[in-house]
Amino acid sequence: MLRTDGRPPCPMPRYDLHSHSTYSDGVLAPAAMVARAAARGVDVYALTDHDETGGLGEALAAADDAGIAFVAGAELSVSWDDLTIHVVALRIDPDNAALAGGLAAIRAGRTLRAQRMGAALDEAGIPGAYEGALKFVTSERLISRTHFARYLVDAGHAASMKDVFKRYLVQGKPGYVPHRWAALGDAVGWIHAAGGQAVLAHPGRYKVDRAGMRRLLTDFRDAGGDAIEVLSPSHTRAQFAEFARHARVFGLLASCGSDFHGPGESWTDLGDLPDLPAGVLPVWNAW
Ligand code: AMP
Ligand code: MN
Ligand code: MN
Ligand code: MN
(Lines give C-alpha, C1' and ligand atoms only; values in the text may rest on other atoms or scores of the structure.)
(Ligands and ions follow the chains in the order given, each with its own letter.)
Protein backbone atom coordinates (compact mmCIF):
# COMPACT_ATOMS: atom_id res chain seq x y z
CA MET A 1 0.00 0.00 0.00
CA LEU A 2 1.27 3.48 -0.80
CA ARG A 3 1.80 5.70 2.20
CA THR A 4 1.28 9.42 2.15
CA ASP A 5 3.61 10.30 5.02
CA GLY A 6 6.81 10.06 3.00
CA ARG A 7 8.00 6.83 4.66
CA PRO A 8 8.89 3.92 2.38
CA PRO A 9 6.10 1.44 1.61
CA CYS A 10 7.90 -1.24 3.61
CA PRO A 11 9.19 0.75 6.57
CA MET A 12 12.24 -0.21 8.55
CA PRO A 13 11.63 -1.19 12.17
CA ARG A 14 11.18 1.90 14.27
CA TYR A 15 13.74 2.40 17.03
CA ASP A 16 13.48 4.68 20.06
CA LEU A 17 16.61 4.29 22.17
CA HIS A 18 16.37 7.10 24.75
CA SER A 19 13.55 7.73 27.26
CA HIS A 20 12.81 8.26 30.96
CA SER A 21 10.35 6.78 33.44
CA THR A 22 9.39 7.51 37.04
CA TYR A 23 12.58 5.69 38.08
CA SER A 24 14.38 8.94 37.20
CA ASP A 25 12.72 12.16 35.99
CA GLY A 26 10.01 10.88 33.63
CA VAL A 27 6.32 11.07 34.52
CA LEU A 28 5.17 7.59 33.37
CA ALA A 29 5.95 4.27 35.01
CA PRO A 30 8.07 1.80 32.96
CA ALA A 31 5.08 -0.35 31.97
CA ALA A 32 3.16 2.74 30.81
CA MET A 33 6.17 3.83 28.76
CA VAL A 34 6.32 0.44 27.04
CA ALA A 35 2.56 0.49 26.35
CA ARG A 36 2.87 3.98 24.88
CA ALA A 37 5.85 2.95 22.73
CA ALA A 38 3.96 -0.09 21.40
CA ALA A 39 0.81 1.96 20.70
CA ARG A 40 2.88 4.50 18.80
CA GLY A 41 4.44 1.90 16.51
CA VAL A 42 7.87 1.61 18.12
CA ASP A 43 9.33 -1.82 17.34
CA VAL A 44 12.51 -1.61 19.43
CA TYR A 45 12.33 0.44 22.60
CA ALA A 46 14.98 1.37 25.20
CA LEU A 47 14.33 2.72 28.68
CA THR A 48 17.35 4.83 29.69
CA ASP A 49 16.72 6.35 33.11
CA HIS A 50 19.31 8.75 34.50
CA ASP A 51 21.94 6.83 36.49
CA GLU A 52 19.42 4.10 37.29
CA THR A 53 18.40 0.64 36.09
CA GLY A 54 15.62 -0.05 38.63
CA GLY A 55 12.79 0.21 36.09
CA LEU A 56 14.21 -2.26 33.57
CA GLY A 57 12.61 -5.40 35.01
CA GLU A 58 9.11 -3.92 34.89
CA ALA A 59 9.70 -2.58 31.37
CA LEU A 60 11.02 -5.92 30.10
CA ALA A 61 7.97 -7.79 31.41
CA ALA A 62 5.66 -5.20 29.83
CA ALA A 63 7.51 -5.43 26.50
CA ASP A 64 7.09 -9.22 26.47
CA ASP A 65 3.32 -8.70 26.94
CA ALA A 66 3.16 -5.96 24.30
CA GLY A 67 5.21 -7.96 21.77
CA ILE A 68 7.89 -5.33 21.17
CA ALA A 69 11.64 -5.70 21.51
CA PHE A 70 13.11 -4.18 24.64
CA VAL A 71 16.61 -2.80 25.13
CA ALA A 72 17.92 -2.42 28.68
CA GLY A 73 19.53 0.99 29.03
CA ALA A 74 20.52 3.89 31.25
CA GLU A 75 21.79 7.46 30.78
CA LEU A 76 24.97 8.14 32.73
CA SER A 77 25.90 11.60 34.03
CA VAL A 78 29.53 12.34 33.20
CA SER A 79 31.90 15.27 33.74
CA TRP A 80 34.17 16.05 30.82
CA ASP A 81 36.32 19.17 31.13
CA ASP A 82 34.04 21.67 32.83
CA LEU A 83 30.96 20.29 31.09
CA THR A 84 28.32 17.79 32.11
CA ILE A 85 27.73 15.32 29.31
CA HIS A 86 25.42 12.33 29.11
CA VAL A 87 26.33 8.84 27.92
CA VAL A 88 23.49 6.49 27.04
CA ALA A 89 24.17 2.83 27.75
CA LEU A 90 22.38 0.27 25.58
CA ARG A 91 22.00 -3.51 25.98
CA ILE A 92 23.49 -3.59 29.46
CA ASP A 93 23.30 -6.29 32.05
CA PRO A 94 21.90 -4.28 34.97
CA ASP A 95 23.18 -6.87 37.45
CA ASN A 96 26.80 -6.29 36.49
CA ALA A 97 28.62 -5.27 39.68
CA ALA A 98 30.91 -2.66 38.10
CA LEU A 99 28.00 -0.86 36.45
CA ALA A 100 25.70 -1.14 39.47
CA GLY A 101 28.45 0.22 41.74
CA GLY A 102 29.21 3.11 39.38
CA LEU A 103 25.56 4.09 39.10
CA ALA A 104 25.09 3.91 42.87
CA ALA A 105 28.05 6.28 43.32
CA ILE A 106 26.62 8.79 40.83
CA ARG A 107 23.20 8.66 42.52
CA ALA A 108 24.74 9.17 45.95
CA GLY A 109 26.26 12.47 44.79
CA ARG A 110 22.83 13.70 43.68
CA THR A 111 21.38 13.95 47.18
CA LEU A 112 24.03 16.31 48.56
CA ARG A 113 23.91 18.33 45.35
CA ALA A 114 20.14 18.69 45.70
CA GLN A 115 20.49 19.91 49.29
CA ARG A 116 23.02 22.49 48.07
CA MET A 117 20.64 23.53 45.30
CA GLY A 118 17.96 24.06 47.91
CA ALA A 119 20.35 26.22 49.97
CA ALA A 120 21.35 28.22 46.89
CA LEU A 121 17.71 28.89 45.98
CA ASP A 122 17.03 29.83 49.60
CA GLU A 123 19.79 32.45 49.38
CA ALA A 124 18.19 33.74 46.20
CA GLY A 125 14.90 34.26 48.05
CA ILE A 126 13.17 30.94 47.30
CA PRO A 127 12.92 29.02 50.57
CA GLY A 128 11.85 25.38 50.87
CA ALA A 129 12.78 24.32 47.34
CA TYR A 130 14.54 21.11 48.43
CA GLU A 131 11.47 19.96 50.36
CA GLY A 132 9.30 21.17 47.46
CA ALA A 133 11.34 19.21 44.91
CA LEU A 134 11.06 16.09 47.08
CA LYS A 135 7.27 16.20 46.58
CA PHE A 136 7.88 15.67 42.85
CA VAL A 137 10.40 12.88 43.28
CA THR A 138 9.02 9.53 42.09
CA SER A 139 11.88 7.26 43.16
CA GLU A 140 13.48 7.59 46.56
CA ARG A 141 16.76 6.67 44.87
CA LEU A 142 17.05 9.71 42.63
CA ILE A 143 16.51 13.48 42.67
CA SER A 144 17.30 15.69 39.67
CA ARG A 145 17.01 19.28 38.49
CA THR A 146 13.79 18.24 36.76
CA HIS A 147 12.13 17.72 40.16
CA PHE A 148 13.23 21.21 41.26
CA ALA A 149 11.97 22.58 37.94
CA ARG A 150 8.53 21.00 38.40
CA TYR A 151 8.34 22.45 41.89
CA LEU A 152 9.42 25.94 40.74
CA VAL A 153 6.72 25.94 38.03
CA ASP A 154 4.11 24.60 40.45
CA ALA A 155 5.00 27.25 43.05
CA GLY A 156 4.70 30.02 40.46
CA HIS A 157 8.39 30.97 40.26
CA ALA A 158 8.50 30.18 36.54
CA ALA A 159 5.94 29.84 33.76
CA SER A 160 7.20 26.60 32.22
CA MET A 161 9.95 23.99 32.42
CA LYS A 162 11.75 25.82 29.62
CA ASP A 163 11.48 29.06 31.57
CA VAL A 164 12.95 27.43 34.71
CA PHE A 165 16.05 26.29 32.86
CA LYS A 166 16.54 29.81 31.50
CA ARG A 167 16.20 31.58 34.84
CA TYR A 168 17.31 29.01 37.43
CA LEU A 169 19.44 25.89 37.91
CA VAL A 170 21.89 26.63 35.06
CA GLN A 171 25.37 28.11 35.28
CA GLY A 172 25.27 31.77 36.34
CA LYS A 173 21.65 31.55 37.65
CA PRO A 174 20.17 31.01 41.11
CA GLY A 175 20.09 27.40 42.23
CA TYR A 176 23.05 26.30 40.10
CA VAL A 177 25.52 24.10 41.95
CA PRO A 178 28.63 22.84 40.15
CA HIS A 179 28.96 19.09 40.47
CA ARG A 180 31.51 16.43 39.60
CA TRP A 181 29.89 13.41 37.93
CA ALA A 182 31.59 10.21 36.75
CA ALA A 183 34.75 10.36 34.62
CA LEU A 184 34.21 9.56 30.94
CA GLY A 185 36.62 6.60 30.91
CA ASP A 186 35.00 5.10 34.01
CA ALA A 187 31.48 5.45 32.59
CA VAL A 188 32.39 3.79 29.28
CA GLY A 189 34.29 1.09 31.19
CA TRP A 190 31.27 0.24 33.38
CA ILE A 191 29.01 0.09 30.32
CA HIS A 192 31.39 -2.26 28.51
CA ALA A 193 31.85 -4.38 31.64
CA ALA A 194 28.07 -4.80 31.61
CA GLY A 195 28.17 -5.95 27.97
CA GLY A 196 26.64 -2.73 26.62
CA GLN A 197 27.34 -0.03 24.07
CA ALA A 198 28.17 3.56 25.01
CA VAL A 199 26.38 6.31 23.09
CA LEU A 200 27.20 10.01 23.40
CA ALA A 201 23.78 11.53 24.06
CA HIS A 202 22.47 14.69 22.31
CA PRO A 203 25.94 16.04 21.37
CA GLY A 204 24.34 19.17 19.92
CA ARG A 205 23.42 20.31 23.44
CA TYR A 206 26.96 20.79 24.69
CA LYS A 207 28.28 24.31 24.70
CA VAL A 208 31.52 23.79 22.80
CA ASP A 209 32.96 25.40 19.67
CA ARG A 210 33.97 23.34 16.63
CA ALA A 211 37.40 22.50 18.02
CA GLY A 212 35.82 21.57 21.36
CA MET A 213 33.36 19.23 19.64
CA ARG A 214 36.21 17.53 17.78
CA ARG A 215 38.07 17.14 21.06
CA LEU A 216 34.98 15.71 22.78
CA LEU A 217 34.36 13.23 19.95
CA THR A 218 38.03 12.25 19.93
CA ASP A 219 38.09 11.72 23.71
CA PHE A 220 34.82 9.79 23.57
CA ARG A 221 36.07 7.51 20.81
CA ASP A 222 39.46 7.07 22.49
CA ALA A 223 37.69 6.15 25.74
CA GLY A 224 36.04 3.31 23.78
CA GLY A 225 32.71 5.03 23.00
CA ASP A 226 30.66 3.17 20.38
CA ALA A 227 28.09 5.59 18.97
CA ILE A 228 26.65 9.09 18.99
CA GLU A 229 23.04 10.16 19.02
CA VAL A 230 22.46 11.61 15.58
CA LEU A 231 18.69 11.99 15.91
CA SER A 232 17.55 13.77 19.07
CA PRO A 233 14.89 16.39 19.72
CA SER A 234 17.77 18.54 20.99
CA HIS A 235 19.05 18.71 17.39
CA THR A 236 17.96 20.76 14.40
CA ARG A 237 17.66 19.11 10.98
CA ALA A 238 21.00 20.65 10.07
CA GLN A 239 22.50 18.99 13.15
CA PHE A 240 21.08 15.60 12.07
CA ALA A 241 23.33 15.93 8.99
CA GLU A 242 26.23 17.42 10.98
CA PHE A 243 26.31 14.60 13.52
CA ALA A 244 25.84 11.95 10.83
CA ARG A 245 29.00 13.38 9.28
CA HIS A 246 30.81 13.32 12.63
CA ALA A 247 29.75 9.69 13.12
CA ARG A 248 31.26 8.72 9.77
CA VAL A 249 34.46 10.73 10.26
CA PHE A 250 35.09 9.44 13.80
CA GLY A 251 34.12 5.87 12.99
CA LEU A 252 31.22 5.86 15.44
CA LEU A 253 27.82 4.20 15.05
CA ALA A 254 24.64 6.30 14.94
CA SER A 255 21.74 6.19 17.40
CA CYS A 256 18.36 7.84 17.73
CA GLY A 257 16.03 8.54 20.63
CA SER A 258 13.14 10.79 21.60
CA ASP A 259 14.43 11.53 25.14
CA PHE A 260 10.73 11.43 26.06
CA HIS A 261 10.00 12.45 29.67
CA GLY A 262 6.21 12.51 29.61
CA PRO A 263 3.08 13.81 27.91
CA GLY A 264 2.76 17.57 28.15
CA GLU A 265 6.43 17.95 29.04
CA SER A 266 8.26 16.58 25.98
CA TRP A 267 7.27 17.85 22.55
CA THR A 268 8.77 14.85 20.81
CA ASP A 269 6.81 11.71 21.68
CA LEU A 270 8.04 8.13 21.65
CA GLY A 271 8.95 7.01 18.13
CA ASP A 272 8.62 10.54 16.72
CA LEU A 273 11.90 10.74 14.84
CA PRO A 274 12.73 10.38 11.13
CA ASP A 275 14.87 7.57 9.72
CA LEU A 276 18.63 7.86 10.24
CA PRO A 277 20.42 9.80 7.49
CA ALA A 278 21.97 7.66 4.76
CA GLY A 279 25.63 6.73 5.08
CA VAL A 280 25.81 6.00 8.81
CA LEU A 281 25.96 2.62 10.48
CA PRO A 282 23.16 2.28 13.03
CA VAL A 283 24.07 1.35 16.60
CA TRP A 284 21.82 -1.71 16.13
CA ASN A 285 23.86 -2.87 13.09
CA ALA A 286 25.24 -5.94 14.88
CA TRP A 287 22.25 -6.69 17.15
P1 AMP B 1 20.24 16.68 36.31
O2 AMP B 1 20.67 15.36 35.77
O3 AMP B 1 19.76 16.62 37.73
O4 AMP B 1 21.26 17.77 36.08
O5 AMP B 1 18.95 17.09 35.48
C6 AMP B 1 19.01 17.16 34.08
C7 AMP B 1 17.63 17.06 33.50
O8 AMP B 1 17.01 18.33 33.50
C9 AMP B 1 17.65 16.65 32.05
O10 AMP B 1 17.72 15.26 31.92
C11 AMP B 1 16.32 17.16 31.57
O12 AMP B 1 15.30 16.23 31.87
C13 AMP B 1 16.12 18.40 32.40
N14 AMP B 1 16.43 19.62 31.63
C15 AMP B 1 17.63 20.18 31.46
N16 AMP B 1 17.52 21.29 30.68
C17 AMP B 1 16.22 21.41 30.37
C18 AMP B 1 15.42 22.34 29.61
N19 AMP B 1 15.99 23.41 29.01
N20 AMP B 1 14.10 22.13 29.52
C21 AMP B 1 13.52 21.08 30.13
N22 AMP B 1 14.21 20.17 30.85
C23 AMP B 1 15.52 20.33 30.97
MN1 MN C 1 15.93 14.09 32.23
MN1 MN D 1 20.43 13.86 28.67
MN1 MN E 1 17.67 11.79 28.58
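The values are calculated or read from the model by the stated rules, or taken from the named source; none is laboratory data. Not measured: the values here are computed from a predicted model. A quick note on method: Cβ atoms are made from the backbone with ideal geometry, for glycine too, and the neighbour counts reach across all protein chains shown. Surface areas here come from the heavy atoms of the whole protein model, side chains and all, with no ligands, DNA or RNA. Shrake-Rupley method; radii C 1.70, N 1.55, O 1.52, S 1.80 Å.
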### Query
In this structure, is T48 among the β-branched types (V, I, T) and out of contact with any Gly (no Cβ under 7 Å at 6 or more places or on another chain)?
no
### Message
Checking M117 against (1) within 21 Å of E265 (Cβ to Cβ); (2) open to solvent by 30 Å² or more (accessible area, probe 1.4 Å): exactly one of these is not met. Which one?
### Response
(2)
#### Entry: Which numbered condition R210 fails, given (1) touching a Ser or Thr at 6+ places or on another chain (Cβ under 7 Å); (2) open to solvent by 50 Å² or more (accessible area, probe 1.4 Å); (3) of a type outside the set (V, I, T); (4) away from ligand 1 (no atom under 16 Å from the Cβ)
(1)
### Query
Can L60 be described as touching a helix residue (DSSP H, G or I) at 6+ places or on another chain (Cβ under 6 Å) and in a helix (DSSP H, G or I)?
no
### Query
Between residues in the range 86-105 that are open to solvent by 50 Å² or more (accessible area, probe 1.4 Å) and residues that are within 16 Å of ligand 3 (Cβ to nearest atom), which pairs lie under 8 Å by C-beta distance while being six or more apart or on different chains?
R91/G73; A105/A182
### Message
Looking at L47, L142 in this structure, which one is open to solvent by less than 20 Å² (accessible area, probe 1.4 Å), within 16 Å of ligand 3 (Cβ to nearest atom), within 19 Å of the chain's Cα centre (by Cα) and in contact (Cβ under 8 Å) with a residue 60 or more places away in the chain?
### Response
L142
### Task
Taking the options G156, G175, G185, name whichever one is over 30 Å from W284 (Cα atoms) and surrounded by fewer than 22 Cβ atoms within 10 Å (Cβ to Cβ).
G156
### Task
May I ask you to list pairs of residues, at least six apart or on different chains, whose Cβ atoms are under 7 Å apart, with the first in the range 114-135 being in a helix (DSSP H, G or I) and the second being among the small types (G, A, S) and loosely packed, with under 14 Cβ neighbours inside 10 Å?
G132/A155
### Task
Within the range 234-259, track down each residue that is within 16 Å of ligand 1 (Cβ to nearest atom) and touching a His at 6+ places or on another chain (Cβ under 8 Å).
S234, H235, G257, S258, D259
### Query
Quick one: how many residues across the range 24-41 are buried (at least 24 other Cβ atoms within 10 Å of the Cβ) and either free of Cβ contacts under 8 Å to residues at least 12 places away in the same chain or more than 16 Å from A61 (Cα to Cα) (or both)?
3
### Task
Please determine, by comparing only the residues of the range 159-169 that are in a loop (DSSP other than H, G, I, E, B) and open to solvent by 40 Å² or more (accessible area, probe 1.4 Å), which one is farthest from ligand 4 (Cβ to nearest atom).
A159
### Contacts under 7 angstrom Cβ, first residue in the range 228-245 being surrounded by fewer than 23 Cβ atoms within 10 Å (Cβ to Cβ), partner aromatic (F, W, Y), 6 or more apart
P233/W267; H235/F243
